[in-house]
Amino acid sequence: MAVVRSTVPAPGPIGALTLGVTTAGLAVVVFGDHPETVERMAARLGEPVVDGDGGPAADQLTEYLAGSRRTFDVPLDWSLTRGWQRQVLQTLYETVRFGSTVTYGELASRSGGQGYTAARGVGSIMGSNPLPVVVPCHRVLGSDSLGGFGGGRATKEWLLALEGVLTPALDFGPG
């Protein structure tokens, strides 16, 4: 067995997504062209890396980024997550649909946690999400702000605009 590494071109501030797919499913999505991240992930799993096309995961991410897909149905490999992290990420994946958002506190509550500490824990979990975009951490917001995002604020805004949550920023081209 091996981890198949591929890169998907992406519009806007994203530029590219680097994917790692195992026999169980999509295991990692990385913002940018960062093949070394897939190598580190594969080492954690004890698997070699081979370059490939990413199969259905790459196809579905391409469709999503083009605005023609709203849900993902590729198998996910959750093996890079554990315990509370996995519970929160699975709750996010199962309950927060395209075009909707949730606060850190609401997601903590849906996942069985309570209070300020649980909400802060959810923020940390979003920052360590190995499957961004597919497990939509960009849809998790602060109670009074967009909150942080591992892909950067511009990427979070772009993804939320793609889903109709935010108004797209105007681009007047080179000044």
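The values are calculated or read from the model by the stated rules, or taken from the named source; none is laboratory data. All values reported here derive from a predicted model rather than from experimental measurement. Virtual Cβ from ideal backbone geometry, glycine too; neighbours counted across all protein chains shown. The accessibility values were calculated without ligands, DNA or RNA, using every heavy atom of the protein model including side chains. Shrake-Rupley method; radii C 1.70, N 1.55, O 1.52, S 1.80 Å.
Under the condition of being touching a helix residue (DSSP H, G or I) at 6+ places or on another chain (Cβ under 8 Å) and either more than 19 Å from T62 (Cα to Cα) or assigned to a helix (DSSP H, G or I) (or both), the residues counted in region 128-167 number 22.
Is it the case that region 22-30 has a residue that's among the β-branched types (V, I, T) and touching a Pro at 6+ places or on another chain (Cβ under 6 Å)? Yes; the residues of region 22-30 include at least one that is among the β-branched types (V, I, T) and touching a Pro at 6+ places or on another chain (Cβ under 6 Å). Here G151 passes the criteria (1) under 10 Å from the mean Cα position of the chain (by Cα); (2) at pLDDT 95 or above; (3) not hydroxyl-bearing (S, T, Y) except the one numbered (2). Here is a check on your reading of the model: is L89 more than 28 Å from A43 (Cα to Cα) and under 13 Å from the mean Cα position of the chain (by Cα)? Spelling it out, it is not the case that L89 is more than 28 Å from A43 (Cα to Cα) and under 13 Å from the mean Cα position of the chain (by Cα).
For region 109-122, the set of residues classified as in contact (Cβ under 8 Å) with a residue 12 or more places away in the chain and open to solvent by 30 Å² or more (accessible area, probe 1.4 Å) consists of R110, G112, R120, listed by residue number. Taking the stated definitions as given, is T101 touching a Leu at 6+ places or on another chain (Cβ under 6 Å) and farther than 19 Å from F31 by Cβ? Yes.
One line per residue, one yes/no per condition, for (1) more than 19 Å from E163 (Cα to Cα); (2) within 17 Å of the chain's Cα centre (by Cα):
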{"position": "G12", "(1), (2)": "no, yes"}
{"position": "A16", "(1), (2)": "no, yes"}
{"position": "V28", "(1), (2)": "yes, yes"}
{"position": "G55", "(1), (2)": "yes, no"}
{"position": "Q60", "(1), (2)": "no, yes"}
{"position": "A108", "(1), (2)": "yes, no"}
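Hey, does region 139-148 have a residue that's more than 20 Å from F31 (Cα to Cα), open to solvent by 60 Å² or more (accessible area, probe 1.4 Å) and modelled with pLDDT of 95 or more? Among the residues of region 139-148, not one is more than 20 Å from F31 (Cα to Cα), open to solvent by 60 Å² or more (accessible area, probe 1.4 Å) and modelled with pLDDT of 95 or more, which makes the answer no. Residues satisfying the criterion are present in region 40-48 (criterion: within 16 Å of the chain's Cα centre (by Cα) and over 20 Å from E163 (Cβ atoms)).
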